[in-house]
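Novice: First the structure, which I've put down as structure tokens, then a few questions once you've had a look.
The values are calculated or read from the model by the stated rules, or taken from the named source; none is laboratory data. Keep in mind that this is a model prediction, so the values were computed, not measured. Don't worry about glycine lacking a Cβ; one is built from the backbone with ideal geometry, like all the others, and counts go over all protein chains shown. Ligands, DNA and RNA are stripped out before the accessible areas are found, and what is left, the full protein with its side chains, is counted by its heavy atoms. Shrake-Rupley method; radii C 1.70, N 1.55, O 1.52, S 1.80 Å.
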Amino acid sequence: MPNKPEFSIIVPVYNEKDCIQEMYRRVSEVMNSTGQTWELIVVDDGSMDGSTEQIRELGERDKKVKPIIFARNFGHQIAVTAGLDYSEGKAVVIIDADLQDPPEVILPLIEKWREGYQVVYAVRGEREGESWFKTFTASFFYRLIHKITDVNIPLDTGDFRLMDRRVVDVLNSMHERHRFLRGMSAWVGFKSIGVTYKRAARFAGETKYPLKKMLLLALNAITGFSYFPLQLATYVGFVAAGISIIAIPIVIIMRIAGSQAFFGQASTLLAVLFLGGVQLICLGILGEYIGRIYDEVKGRPLYIVSEAPEKPSK
Ligand code: UDP
Ligand code: MG
């Protein structure tokens, strides 16, 4: 089709009423400076603070803005997924609405894309205005995922990135529901490179990622890209069986020799409690995977839109 834009910018929004106008202004400034055609896909992830009206109004004022309004809050990863589904650009950029990812960094991302890289991810060098707790947990999380998963997910990298149309088409064909996009984009492969930037403080408002959502994202990342938790039961089982095989003859010999060391219930109770605990944890881990299988089998739509332009035909 002749009128497909060169670039699509995807912005997920959840209660960001004080950020939207500034985000629009700065993204427009940067994108206009490229001299290319572009579209701004703003996904409203069930906001309740008036962001929805602002997004709708932006869409009426500027035809480059495509508002996608969700029927409820589906979460950040799903909002970005919807943006990818509706995007038409030859290169697609994912960016946060709170301006923590400075839109000016899009220019170096585009430069790398022009050099022939299909995924250009932005690496958080420094972080500004975030609590030590967030910085610490985030850093721990990225390293844990890196260690236990099979795909090479770059460290300290969020969803702020540019992807070539070919990569986006592959991502759009992956329908898993518990999504961890940065892992998926690493799994897909293609020629990738990182660009380091300084992550700014939020322009306004507060983080929409409380601890609970962060843990859920971490869980999705781990279960989505690793069997390691499932294998833990095997390892613990071998260790426990190994200990008991060594311990049984020792205890028998000590009893025959008249030792009093293994009388009493405390040691038995502790062993039972310990193994009971380990078994319950393993059951819980199984439950996490089975719950996810159940979600996949149900095959519900990933998101429901209440207002959106027509979906581009693939
Ligand atoms: N967001 C969303 N749905 C949610 C939570 C967050 O669309 O359920 C958006 C939010 O509006 C922002 C981006 O995802 O544009 C990143 O969220 P936030 O800045 O709160 O996360 P942080 O930067 O603190 O990790
Ligand atoms: Mg943020």
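Novice: Can you list residues whose amide H is under 5 Å from residue 195's amide H, if they're 5+ apart or on another chain and H is modeled 1.01 Å from N?
Specialist: 121, 122, 123
Novice: Determine the gain in length on full extension of the stretch residue 279-residue 227; use 0.36 nm per residue of separation and subtract their C-alpha separation, reporting nm with one decimal. Please list the in-between numbers first.
Specialist: Values: separation 52, 0.36 × 52 = 18.72 nm, distance 1.73 nm.
Contour length minus the Cα-Cα distance gives 17.0 nm.
Novice: What are the extents of the Cα atoms of region 118-166 along their three principal axes, in Å, largest first?
Specialist: The Cα atoms of region 118-166 stretch 38, 27, 12 Å along the principal axes, largest first.
Novice: On average over all directions, what projected area in square nanometres does region 107-231 have, based on the convex hull of its Cα atoms? All intermediate terms of the calculation are to be shown ahead of the outcome.
Specialist: On the way: hull surface 33.6 nm².
That works out to 8.4 nm².
Novice: Mind checking the log10 I(q)/I(0) for region 24-123 at q = 0.16, 0.20 Å⁻¹? Debye, one equal scatterer per Cα, no solvent, two decimals.
Specialist: -0.73, -1.14
Novice: Return the lysines within reach of residue 64: Cα separation strictly under 21 angstrom, same-chain partners fewer than 8 residues apart disregarded; answer none if there are no such residues.
Specialist: List returned: 4, 17, 90, 311, 314.
Novice: Below 29 Å Cα-Cα, how many Lys pairs turn up in region 130-230? Only count pairs eight or more apart in sequence, or on different chains, if you could.
Specialist: 13
Novice: How big is the Rg/Rh ratio for region 130-196, C-alpha atoms only, Rh by Kirkwood, two decimals? Can you show the working numbers first?
Specialist: Working: Rg = 13.0 Å, Rh = 13.2 Å.
Looking at region 130-196, the ratio lands at 0.99.
Novice: Give me the one-decimal Kirkwood hydrodynamic radius in Å for the chain, with the sum taken over alpha-carbon pairs.
Specialist: Values: mean 1/r = 0.0454 Å⁻¹.
Computed over the chain, the radius equals 22.0 Å.
Novice: Show the residues, 5+ positions off or on another chain, whose built amide H is closer than 5 Å to the amide H of residue 96.
Specialist: Those lying under 5 Å, H to H, from residue 96 are 101.
Novice: Could you give the size of the charge dipole of the chain about its Cα centre, using +1 on the Cβ of each K and R and -1 on the Cβ of each D and E, expressed in debye and rounded to the nearest 20?
Specialist: Values: 37 positive and 36 negative charges, 168 e Å.
For this selection, approximately 800 debye.
Novice: Which semi-axis lengths, in whole Å and largest first, follow from the square roots of five times the eigenvalues of the Cα gyration tensor of region 157-246? Could you put the intermediate results ahead of the total?
Specialist: Numbers: eigenvalues 243, 82, 35 Å².
Semi-axes, largest first: 35, 20, 13 Å.
Novice: Still on this structure: Would you work out what percent of the accessible area of region 73-209, with all protein chains in place, is carbon or sulfur (probe 1.4 Å)? Walk me through the numbers before you get to the answer.
Specialist: Values: 3230 of 5750 Å².
The C+S portion of the solvent-accessible surface of region 73-209 is 56 percent.
Novice: May I pose another question? How much of the calculated P(r) for region 229-275 lies past 15 Å, in percent of all Cα pairs?
Specialist: 59 percent
Novice: Using 5 Å bins from zero, what percent of all Cα-Cα pairs in region 1-68 falls into each bin?
Specialist: Whole-percent P(r) values from 0 Å outward: 4, 17, 29, 25, 14, 7, 3, 0.
Novice: While we're on this one: Send over the Kirkwood Rh of region 189-314, from the inverse of the averaged 1/r over different Cα pairs, rounded to one decimal Å. Before the final figure, lay out each step's value.
Specialist: Values: mean 1/r = 0.0476 Å⁻¹.
One over the average 1/r among Cα pairs gives 21.0 Å for region 189-314.
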